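Peer 1: Below is a structure I'd like to ask you about.
Every number in this text was worked out from the coordinates using simple rules, so none of it is lab data. Values in this document were obtained by computation on a predicted structure and should not be read as measured data. Positions of Cβ are backbone-derived with ideal geometry, glycine not excepted, and every protein chain shown enters the neighbour counts.
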Amino acid sequence: MFSENKHTLILISVNQGYTETVLKTARSLGARGGTILRARWSGVKALETYHGISLQTEKETIAVIVPNDLRNRIMDAVTEKHGLKTEAQAIVCSMKVDHFTPI
């Protein structure tokens, strides 16, 4: 079955305590909300050595589904305002959504 990819899942890993600030940035660019998941880094030492940045082990992951045309603006803004060199230390990635059923 062929399905047009009209939506993108954006995953944002962020230090605890910065979730609402990061979501506010995404909402200001058109996101309607997100799902927050508690997370923990694995392999932190390798990341710290490679990037030279001290990373908090306990994280929160924000999952946001947005129309494709909003993806780049949201990802760029989150990276610029809350990226690795900030206290939030956000890391952002996205993937295509094959099927999405809005509420």
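Peer 1: Between Ala77 and Glu20, what length comes free when the chain is fully extended (0.36 nm per residue of separation minus the Cα-Cα distance, one decimal in nm)?
Peer 2: Net length gain for the segment: 19.1 nm.
Peer 1: Sticking with this one: Please give, to one decimal in nm, the separation of the simple spin-label points placed at Glu58 and Lys85, each 7 Å out from Cα toward the Cβ.
Peer 2: 2.9
Peer 1: Oh, and also: Once both labels are modelled 7 Å past Cα along the beta-carbon direction, what's the Met95-Glu4 spacing in nm?
Peer 2: 2.4
Peer 1: Okay, moving on. In which sequence would Arg73, Arg32 go, from the one with the fewest C-beta neighbours within 10 Å to the one with the most?
Peer 2: Ordered by Cβ neighbours within 10 Å, fewest first: Arg32, Arg73.
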